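Below: the structure, in structure tokens.
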């Protein structure tokens, strides 16, 4: 493809460094969370990020969302450097992040209301995405009346309703039971293919990382760095055949596990010594 | 929404208290009416006087004796009734009306009745402390023993603990200990109030009696000087139990 | 009807009340009906107090001081709590005093209140207002401080302004805490008004108790205690219901 617009990466990270200060009363410790992360994410790409816990995956995603700023380096979204949350990126949160005092529809409308959309128009957009995630019957329900899976559907509908091209998802299915999770993975893939979304998806689940991704980014721990980026060359749609039995799936998964395992074993050795 | 470090908070509080005391001292001297606002220096002098004449020690020991006696009785009653309503629906429904009534009635309103029925001697005064303190203990015992985790009971059973009584002592009470201590902490706070009420309303005695008699003589500096140890007693007992609670927090 | 009566939740309390009050009646009557005030005696006294209007008048006096003091406590307590919560340093500096005031039994402060406010309406009002206000402020401040960080982040990620943040995240998040404060404050207010009426000016329902004890009439005291208990139950149950309604708003973090 020669289209020049598509040549611009959806997201580009240049030399991202981030340290945190753990301030306990007396001794303040600084921890290097991310050490020089460079990355280009193509438009329409599904990128999953996996790595041992504490490798800074979530920090990286929050930096991409501009919820926190890096100490050094730049986040460039569709060609423009950003320092604040913006309308081109929408986030889906691990703990769903639904307002308990708002009904499903009001939660989904929230980003539109913040941007002062006309009420009727906002409602129409929100309804479309509520239908898309299959919650039409629960429009006026409150979050505490919904199961975890349903709550995350609301979170997804909310992100979609912003119309953002880029979805930033922080272990969105981590708190959802295994069977519901598989269904939601399938639906997410459908929606992203239909709507041509760029997705950055954090997970700690190897199967999930390989299943969803065009590319998997493997991070290493302490300080967080990009260890490897692996192409997952599997045909789409991926839910109408046995992907997990596919040769490529098995190979990529085995490779990822090998690398992750080394990291974990090292970590254990450090901790026990 | 920046979290302030504990050191900063402490420093601010210490400075705050010092400024407050200075303002008090200066405005009291300017006002020059020790009935309404005695200066801090006068209060401290009164406190010193109470200490060296031994009045404070005598009063405090009477008060603490009353408080401890009351708390022991309240704990005993609270335990028996609490265990009863936790383990038996019948007992729960039979006792519920009285406990609800006791829960909503201010203890202070019952004190004159205690005076008529139990007299102003030690039993009467202990009764007031018990009325004030028993409810939180009872409720914490009841809820602690009711919500006792089923899986721990199963574990104990599988290792051969037999019988409801053995389970009660070996598993339920231990599992409920944090809840029980929380109840005891609330009870101690309310017990101090009950103690003060008993000492001012029934027979004057202890620290409450000290405050009331100086109040009747309009010696405000001595009133302040004797309120201070009472507040410290309350804070001390509650934080002591709070500390035990934190140490026990394994759940 | 019969069905309802034989339910354990109705049947057992009834049996227990009949047994206890029956026993009290028999024992009290056979020993000293005046001193032990059996239920029949209390009922007779209740009728008499209603007839002379003493009880209604007393209740009005109590309710007036209670409501005015509580109203002031709400009006002052909520803004003050917001200030304490939003300006953390101010809240931190104030905390030791609030803690000390809360830990000191109000009865022993009666001598100080007498020299500061006298024994009249103002003094009683202060007893109702001050402790209730503290309870409301402390809880409000807690609500303001404990905004859920995850929801703040959600609002930020969707570019909410400061005003939108306050309206959609901080205020709704604080409301359950404020409501808890209102309930605790009401409990404090009720005790405060009774203390004032028993120890300062002998009026109102607390005054009826004190007079009953001077006249050695437990039945009279019990009548006033019962009215206080009913009054307290109504107020606290109402606020309890509101509090439960807002429990879901706290949600899981």
Next item on the list: Could you tell me whether any residue of segment B:64-71 is surrounded by fewer than 17 Cβ atoms within 10 Å (Cβ to Cβ), assigned to a helix (DSSP H, G or I), within 13 Å of chain C (Cβ to nearest Cβ) and under 27 Å from the mean Cα position of the chain (by Cα)?
Entry: no
Check: Within segment C:71-88, how many residues are modelled with pLDDT under 90 and surrounded by fewer than 19 Cβ atoms within 10 Å (Cβ to Cβ)?
Finding: 2
Notebook entry, point to check: Filtering segment C:104-145 down to residues that are touching a helix residue (DSSP H, G or I) at 6+ places or on another chain (Cβ under 7 Å) and assigned to a loop (DSSP other than H, G, I, E, B), which residue is surrounded by the fewest Cβ atoms within 10 Å (Cβ to Cβ)?
Noted result: C:104
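Quick grid of which residues meet (1) touching a strand residue (DSSP E or B) at 6+ places or on another chain (Cβ under 9 Å); (2) over 21 Å from residue B:106 (Cα atoms); (3) modelled with pLDDT under 90:
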| residue | (1), (2), (3) |
| --- | --- |
| B:177 | no, yes, yes |
| B:184 | no, no, no |
| B:188 | no, no, no |
| B:195 | no, no, no |
| B:210 | no, yes, no |
Check: Considering only residues of segment B:227-247 that are within 13 Å of residue B:59 (Cβ to Cβ) and within 8 Å of chain C (Cβ to nearest Cβ), which is nearest to the chain's Cα centre (by Cα)?
Finding: B:230
Check: Is it fair to say residue C:68 is under 19 Å from the mean Cα position of the chain (by Cα), in contact (Cβ under 8 Å) with a residue 40 or more places away in the chain, part of a helix (DSSP H, G or I) and surrounded by fewer than 20 Cβ atoms within 10 Å (Cβ to Cβ)?
Finding: yes
Next item on the list: Exactly one condition in (1) more than 10 Å from chain C (Cβ to nearest Cβ); (2) within 22 Å of residue B:53 (Cα to Cα); (3) without any contact (Cβ under 8 Å) to a residue 40 or more places away in the chain is not met by residue B:205; state its number.
Entry: (3)
Check: Is there a residue in segment A:238-251 that is out of contact with any helix residue (DSSP H, G or I) (no Cβ under 9 Å at 6 or more places or on another chain), under 30 Å from residue A:30 (Cβ atoms) and outside any strand (DSSP E or B)?
Finding: no
Checklist line | Matching option when the condition is surrounded by fewer than 23 Cβ atoms within 10 Å (Cβ to Cβ) and either touching a helix residue (DSSP H, G or I) at 6+ places or on another chain (Cβ under 8 Å) or assigned to a helix (DSSP H, G or I) (or both), among B:152, B:138, B:131 | finding: B:152
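Just to be sure, is residue B:108 surrounded by fewer than 14 Cβ atoms within 10 Å (Cβ to Cβ), part of a helix (DSSP H, G or I) and in contact with a helix residue (DSSP H, G or I) (Cβ under 8 Å, 6 or more places away or on another chain)?
On the way: surrounded by fewer than 14 Cβ atoms within 10 Å (Cβ to Cβ): no; part of a helix (DSSP H, G or I): yes; in contact with a helix residue (DSSP H, G or I) (Cβ under 8 Å, 6 or more places away or on another chain): yes.
It is false that residue B:108 is surrounded by fewer than 14 Cβ atoms within 10 Å (Cβ to Cβ), part of a helix (DSSP H, G or I) and in contact with a helix residue (DSSP H, G or I) (Cβ under 8 Å, 6 or more places away or on another chain).
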Check: Residue check: is residue A:144 surrounded by 21 or more Cβ atoms within 10 Å (Cβ to Cβ), in a helix (DSSP H, G or I) and more than 17 Å from the chain's Cα centre (by Cα)?
Finding: no
Checklist line | Single unsatisfied condition, residue B:102 versus (1) within 14 Å of chain C (Cβ to nearest Cβ); (2) more than 27 Å from the chain's Cα centre (by Cα); (3) part of a helix (DSSP H, G or I) | finding: (2)
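Considering only residues that are more than 7 Å from chain C (Cβ to nearest Cβ) and either touching a strand residue (DSSP E or B) at 6+ places or on another chain (Cβ under 7 Å) or free of Cβ contacts under 8 Å to residues at least 40 places away in the same chain (or both), look in segment B:72-91 and name the one that is nearest to residue C:17 (Cα to Cα). Talk me through it step by step, then tell me what you get.
Our first condition is that a residue be more than 7 Å from chain C (Cβ to nearest Cβ); within segment B:72-91, this holds for B:72-88, B:91.
Still in the running and either touching a strand residue (DSSP E or B) at 6+ places or on another chain (Cβ under 7 Å) or free of Cβ contacts under 8 Å to residues at least 40 places away in the same chain (or both): B:72, B:76, B:80, B:84, B:88, B:91.
Working: B:72: 28, B:76: 24, B:80: 20, B:84: 18, B:88: 18, B:91: 13 Å.
Restricting to residues being more than 7 Å from chain C (Cβ to nearest Cβ) and either touching a strand residue (DSSP E or B) at 6+ places or on another chain (Cβ under 7 Å) or free of Cβ contacts under 8 Å to residues at least 40 places away in the same chain (or both), the top hit is B:91.
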Note to self: Given (1) more than 12 Å from chain C (Cβ to nearest Cβ); (2) closer than 25 Å to residue C:247 by Cα, identify the lone condition not met by residue A:109.
What the structure shows: (1)
Notebook entry, point to check: Is one or more of the residues making up segment B:16-32 surrounded by 16 or more Cβ atoms within 10 Å (Cβ to Cβ), in a helix (DSSP H, G or I), free of Cβ contacts under 8 Å to residues at least 40 places away in the same chain and within 11 Å of another protein chain (Cβ to nearest Cβ)?
Noted result: yes
Next item on the list: Within segment A:33-58, work out how many residues are more than 22 Å from residue A:214 (Cα to Cα) and at pLDDT 85 or above.
Entry: 4
Checklist line | Only one of B:166, B:187 that is more than 12 Å from every other protein chain (Cβ to nearest Cβ) and either in contact with a helix residue (DSSP H, G or I) (Cβ under 6 Å, 6 or more places away or on another chain) or crowded, with 18+ Cβ neighbours inside 10 Å (or both) | finding: B:187
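Being within 14 Å of chain B (Cβ to nearest Cβ), in contact (Cβ under 8 Å) with a residue 24 or more places away in the chain and touching a helix residue (DSSP H, G or I) at 6+ places or on another chain (Cβ under 8 Å) narrows it down to one of C:10, C:42, C:20, so name that one.
Numbers: C:10 fails: in contact (Cβ under 8 Å) with a residue 24 or more places away in the chain; C:20 fails: in contact (Cβ under 8 Å) with a residue 24 or more places away in the chain.
Residue meeting the stated conditions: C:42.
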Check: residue A:32 fails exactly one of the following numbered conditions: (1) closer than 22 Å to residue A:158 by Cα; (2) away from chain C (no Cβ under 14 Å). What is the number of that condition?
Finding: (1)
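Of all residues in segment A:229-245, how many are within 22 Å of residue A:187 (Cβ to Cβ) and either touching a residue at least 40 places away in the same chain (Cβ under 8 Å) or crowded, with 16+ Cβ neighbours inside 10 Å (or both)? Can you show your working first?
Quick first cut of segment A:229-245, residues within 22 Å of residue A:187 (Cβ to Cβ) only: A:232, A:234-245.
Subsequent filtering for residues that are either touching a residue at least 40 places away in the same chain (Cβ under 8 Å) or crowded, with 16+ Cβ neighbours inside 10 Å (or both) retains A:232, A:234, A:236-239, A:243.
Here the count works out to 7.
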Item checked: Residues within segment C:209-225 that are surrounded by fewer than 18 Cβ atoms within 10 Å (Cβ to Cβ) and in contact (Cβ under 8 Å) with a residue 24 or more places away in the chain, tallied -> 1
Notebook entry, point to check: Within segment A:112-124, how many residues turn out to be within 14 Å of chain C (Cβ to nearest Cβ) and part of a helix (DSSP H, G or I)?
Noted result: 4
Margin query: Anything in segment C:165-219 that is part of a loop (DSSP other than H, G, I, E, B) and under 23 Å from residue C:65 (Cβ atoms)? List them, or say none.
Written below: C:200, C:201, C:202, C:203
Next item on the list: Give just the number: which of (1) under 27 Å from residue B:177 (Cβ atoms); (2) under 18 Å from the mean Cα position of the chain (by Cα); (3) within 14 Å of chain C (Cβ to nearest Cβ) does residue B:96 not satisfy?
Entry: (2)
Next item on the list: Output the number of the condition that residue A:134 fails; it satisfies all remaining conditions of (1) assigned to a helix (DSSP H, G or I); (2) more than 12 Å from every other protein chain (Cβ to nearest Cβ).
Entry: (1)
Check: Among the residues of segment A:68-77, is any within 12 Å of chain C (Cβ to nearest Cβ), without any contact (Cβ under 8 Å) to a residue 60 or more places away in the chain and either at negative phi or in contact with a strand residue (DSSP E or B) (Cβ under 8 Å, 6 or more places away or on another chain) (or both)?
Finding: yes
Note to self: Looking at C:156, C:106, C:148, C:188, can you tell me which residue is within 12 Å of chain B (Cβ to nearest Cβ), touching a residue at least 12 places away in the same chain (Cβ under 8 Å) and under 27 Å from residue A:112 (Cβ atoms)?
What the structure shows: C:148
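The values are calculated or read from the model by the stated rules, or taken from the named source; none is laboratory data. Quick caveat, the model's predicted, so the values are computed rather than measured. In this analysis, Cβ positions are derived from the backbone assuming ideal geometry, glycine residues included, and neighbour counts consider all displayed protein chains.
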